[in-house]
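S.K.: Let me give you the structure first, and then I'll get to my questions.
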Amino acid sequence: MEKDTVKIGLLGVGTIGGGVVALLKRNGIRINETINVNLVLGRVVDRDLSRLKTLGLSEDILATEASQVLDDPEIDIIIELIGGVEPARSYITRALENGKYVVTANKDLMATHGAELLALAREKNLNIFYEASVGGGIPLIRPLKHSLVADRVQRVIGIVNGTTNYIFTRMARDNLSFQEALSEAQKSGFAEADPTNDIAGLDAAYKLVILAGLVFGKKASLDQVYVQGIGGVTSEDIAYAREIGYVIKLLAIGEQMPEGLALRVHPTLVPQDHPLAAVWNEFNAICVEGEAVGQIMFYGRGAGAMPTATAVLADVAEAARCIKNQAAYGVIEKIAPETTYVPIGELSTRFYLRFLAEDRPGVFAVLANAFGDEQVSLDMVIQKRCVNNTAEIVLVTHMVREDAFQRAMDRVLSLPVIKPNPSIIRLLS
Ligand code: HSE
């Protein structure tokens, strides 16, 4: 028999949870008419009762214990918005054991335990929907699961972290230093109070793991991702990049290569005419290159209460339709097999390099030897007027294997005439 009323239990009313409640109030009737199901917010749980009371909901649906949602047989769908791995993982496991569909925005959890949780959901003939875990409000996961099923994806390249994109934007447009741009991001609400994972590239790496699992159909994990954060990029690098026709972005790149999958997150020089170069401020974009479809791009707000709430409620609508139509397993969710991974040292790329050197004869000769011996070919060389006997040198290489470039750099940096801490940034090619 069709089920016409579906009850939702919401766990966690922080930024996104508050957005979900507000959007459901605003558009609930429209959603119900569209999917022909009566969605009812059955219970809302948060440890902080005063926060719950600000939502303007009826007091009898407010609760402070997760069990009041997880073990309530009347609740059909739980929305997990508490974030982090535990207790979210245990809560979702318990919800599935109790026969409930799950909607989550939890990228850390889906990147680290997604496969095991999805397997449990499959065993129970249920599902977990996680559209909001990558790209906030950008409809992304569903199109990647469904609309590209007929194609083979070769590469996915994403700006998937709004905080770092906002920082690079302010550095490029307003000549702010990294620290100034970060504190502006925090003041404007575009960076978390603790932005460590964003700056270090880990937030983007979690999202890449989820994306790679979807587009390549392979089991990906965080330890297979090469991760470099944005802390080393300076205003000088941004200015030089502009001068040679590039902008700097933190990219998450997944590539299907003949030898296996290559996954990496690092600051990257993106050619000014690439679509990703036009993605500024806190916006996210994901560019997918498929054999048959060619290049496609998804663009929008990757965070924020209301954009992310649209993704959460779209998942709720999908789960409700599964429940109503008793199409328990209505969504494509491939079982991803293990695969081989290509370590960063075996990849080839072009490098931008900026360093300081003493202004004296022979500096270029030793550089030429170090690079020449490792077959590193230079495409561009810039040296401006010296200041205080110090020369600033910028080089851009042709394509070179990472390990050969690193060997050449070890030699270059061992020379006393070269100052330590160069900027080394890869180019998108
Ligand atoms: N901290 C993330 C960002 C948003 O800056 O994009 C949540 O994934």
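S.K.: If you go through the stretch 165-188 one residue at a time, how many are over 19 Å from Ala132 (Cα atoms) and open to solvent by less than 10 Å² (accessible area, probe 1.4 Å)?
M.R.: Residues that pass the stated criteria total 6.
S.K.: State whether the residues of the stretch 190-203 include one that is away from the ligand (no atom under 11 Å from the Cβ) and crowded, with 21+ Cβ neighbours inside 10 Å.
M.R.: yes
S.K.: Give Asp108, Asp151 a once-over and let me know the one that is away from the ligand (no atom under 16 Å from the Cβ), surrounded by fewer than 23 Cβ atoms within 10 Å (Cβ to Cβ) and not aromatic (Phe, Trp, Tyr). Lay out the reasoning, then the answer.
M.R.: Details: Asp108 fails: away from the ligand (no atom under 16 Å from the Cβ).
Checking each option against the conditions leaves just Asp151.
Yes/no per residue for (1) within 16 Å of the ligand (Cβ to nearest atom); (2) outside the structural domain of Asn161 (by TED's automatic domain parsing); (3) in a helix (DSSP H, G or I):
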| position | (1), (2), (3) |
| --- | --- |
| Ala277 | no, no, yes |
| Arg350 | no, yes, no |
| Phe364 | no, yes, yes |
| Leu367 | no, yes, yes |
| Val376 | no, yes, no |
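S.K.: Tell me, please, whether a residue that is among the acidic types (Asp, Glu) and touching a helix residue (DSSP H, G or I) at 6+ places or on another chain (Cβ under 6 Å) can be found in the stretch 47-62. Before the answer, list the steps.
M.R.: Pass one, the stretch 47-62, residues among the acidic types (Asp, Glu): 48, 59-60.
Now drop any that are not touching a helix residue (DSSP H, G or I) at 6+ places or on another chain (Cβ under 6 Å), which leaves none.
No, the conditions are met nowhere in the stretch 47-62.
S.K.: Where residues in the stretch 41-56 are assigned to a loop (DSSP other than H, G, I, E, B) and open to solvent by less than 40 Å² (accessible area, probe 1.4 Å), which of them is nearest to Gly14 (Cα to Cα)? Before you say what the answer is, go through the steps one by one.
M.R.: If we filter the stretch 41-56 for residues that are assigned to a loop (DSSP other than H, G, I, E, B), which is where we start, we get 46-48, 54-56.
Checking which are open to solvent by less than 40 Å² (accessible area, probe 1.4 Å) leaves us with 46, 55.
Values: Asp46: 9, Leu55: 11 Å.
Applying the filter and picking the extreme gives Asp46.
S.K.: Which residues, taken from the stretch 186-203, are of a type in the set (Asp, Glu) and without any contact (Cβ under 8 Å) to a residue 40 or more places away in the chain? Before the answer, list the steps.
M.R.: Going through the stretch 186-203, the residues of a type in the set (Asp, Glu) turn out to be 192, 194, 198, 203.
Listed by number, the residues that qualify are Glu192, Asp194, Asp198.
S.K.: Considering only the stretch 137-172, how many residues are closer than 26 Å to Leu269 by Cα and without any contact (Cβ under 8 Å) to a residue 60 or more places away in the chain?
M.R.: 1
S.K.: Specify which of the listed residues (Gly136, Gly162) is touching a helix residue (DSSP H, G or I) at 6+ places or on another chain (Cβ under 7 Å) and surrounded by 17 or more Cβ atoms within 10 Å (Cβ to Cβ). Break it down into steps so the answer makes sense when it comes.
M.R.: Values: Gly162 fails: touching a helix residue (DSSP H, G or I) at 6+ places or on another chain (Cβ under 7 Å).
Gly136 is the lone residue from the list that is touching a helix residue (DSSP H, G or I) at 6+ places or on another chain (Cβ under 7 Å) and surrounded by 17 or more Cβ atoms within 10 Å (Cβ to Cβ).
S.K.: State which residue is nearest to the ligand (Cβ to nearest atom) when the search covers only the stretch 297-318 and only residues that are open to solvent by less than 30 Å² (accessible area, probe 1.4 Å) and among the β-branched types (Val, Ile, Thr).
M.R.: Filtering first and then ranking leaves Thr308.
S.K.: Another question, if that's okay. Has the stretch 119-140 got any residue that is aromatic (Phe, Trp, Tyr) and over 19 Å from Ile425 (Cβ atoms)?
M.R.: As a first pass, look at the stretch 119-140 and keep what is aromatic (Phe, Trp, Tyr): 129-130.
Applying the additional criterion that residues be over 19 Å from Ile425 (Cβ atoms) yields 129-130.
So far as the stretch 119-140 goes, yes, one or more of its residues are aromatic (Phe, Trp, Tyr) and over 19 Å from Ile425 (Cβ atoms).
S.K.: Considering the stretch 249-261 alone, what residues qualify as being crowded, with 23+ Cβ neighbours inside 10 Å and more than 16 Å from the ligand (Cβ to nearest atom)?
M.R.: Looking only at the stretch 249-261, we keep the residues that are crowded, with 23+ Cβ neighbours inside 10 Å, and these are 249-254.
Within the stretch 249-261, Ile253, Gly254 qualify.
S.K.: From the residues in the stretch 122-133 that are open to solvent by 10 Å² or more (accessible area, probe 1.4 Å), of a type outside the set (A, V, I, L, M) and in a loop (DSSP other than H, G, I, E, B), which one is farthest from the ligand (Cβ to nearest atom)?
M.R.: The qualifying residue farthest from the ligand (Cβ to nearest atom) is Asn125.
S.K.: In the stretch 296-322, which residues are more than 19 Å from Lys145 (Cβ to Cβ), touching a strand residue (DSSP E or B) at 6+ places or on another chain (Cβ under 9 Å) and either free of Cβ contacts under 8 Å to residues at least 12 places away in the same chain or not in a strand (DSSP E or B) (or both)?
M.R.: If the condition is that a residue be more than 19 Å from Lys145 (Cβ to Cβ), touching a strand residue (DSSP E or B) at 6+ places or on another chain (Cβ under 9 Å) and either free of Cβ contacts under 8 Å to residues at least 12 places away in the same chain or not in a strand (DSSP E or B) (or both), then Ala303, Pro307 are the ones that fit.
S.K.: So if I check each of Pro343, Pro337, which one is in contact with a Phe, Trp or Tyr (Cβ under 9 Å, 6 or more places away or on another chain) and surrounded by fewer than 15 Cβ atoms within 10 Å (Cβ to Cβ)?
M.R.: Pro343
S.K.: Next question. Can you find a residue that is more than 27 Å from Asp174 (Cα to Cα), open to solvent by 40 Å² or more (accessible area, probe 1.4 Å), more than 16 Å from the ligand (Cβ to nearest atom) and not aliphatic (A, V, I, L, M) anywhere in the stretch 262-273?
M.R.: So in the stretch 262-273, the residues more than 27 Å from Asp174 (Cα to Cα) come out as 262-264.
After this cut, where a residue has to be open to solvent by 40 Å² or more (accessible area, probe 1.4 Å) as well, the list is none.
Within the stretch 262-273 (the criterion being more than 27 Å from Asp174 (Cα to Cα), open to solvent by 40 Å² or more (accessible area, probe 1.4 Å), more than 16 Å from the ligand (Cβ to nearest atom) and not aliphatic (A, V, I, L, M)), the answer is no, since none of the residues qualifies.
S.K.: Looking only at the stretch 204-231, count every residue that is part of a loop (DSSP other than H, G, I, E, B), crowded, with 24+ Cβ neighbours inside 10 Å and within 15 Å of the ligand (Cβ to nearest atom) and tell me the total. Step through it out loud before you land on a result.
M.R.: Just the residues of the stretch 204-231 that are part of a loop (DSSP other than H, G, I, E, B), to begin with: 217-221, 228-231.
Now narrow it down to the ones that are crowded, with 24+ Cβ neighbours inside 10 Å: 220, 230.
Of the ones still in play, those that are also within 15 Å of the ligand (Cβ to nearest atom) are 230.
The qualifying residues number 1.
S.K.: Does Gly290 count as in contact with an Asp or Glu (Cβ under 9 Å, 6 or more places away or on another chain), in contact (Cβ under 8 Å) with a residue 60 or more places away in the chain and surrounded by fewer than 21 Cβ atoms within 10 Å (Cβ to Cβ)? Quick ask: steps written out before the conclusion?
M.R.: Details: in contact with an Asp or Glu (Cβ under 9 Å, 6 or more places away or on another chain): yes; in contact (Cβ under 8 Å) with a residue 60 or more places away in the chain: yes; surrounded by fewer than 21 Cβ atoms within 10 Å (Cβ to Cβ): yes.
Considered against the rule, which asks whether it is in contact with an Asp or Glu (Cβ under 9 Å, 6 or more places away or on another chain), in contact (Cβ under 8 Å) with a residue 60 or more places away in the chain and surrounded by fewer than 21 Cβ atoms within 10 Å (Cβ to Cβ), Gly290 comes out as yes.
S.K.: Taking the criterion of being farther than 30 Å from Ile382 by Cβ and among the hydroxyl-bearing types (Ser, Thr, Tyr), would at least one residue in the stretch 242-265 satisfy it?
M.R.: In the first step, residues of the stretch 242-265 are kept if they are farther than 30 Å from Ile382 by Cβ; the result is 254, 256-261, 263.
Next cut, among the hydroxyl-bearing types (Ser, Thr, Tyr) only: none.
Within the stretch 242-265, none of the residues are farther than 30 Å from Ile382 by Cβ and among the hydroxyl-bearing types (Ser, Thr, Tyr).
The values are calculated or read from the model by the stated rules, or taken from the named source; none is laboratory data. What you see is a predicted model; the values in this text were computed from it and never measured. Cβ sites come from the backbone with ideal geometry, for glycine too, and all protein chains shown count toward neighbours. Side chains are part of the model used for accessible areas, which takes the heavy atoms of the whole protein and leaves out ligands, DNA and RNA. Shrake-Rupley method; radii C 1.70, N 1.55, O 1.52, S 1.80 Å.
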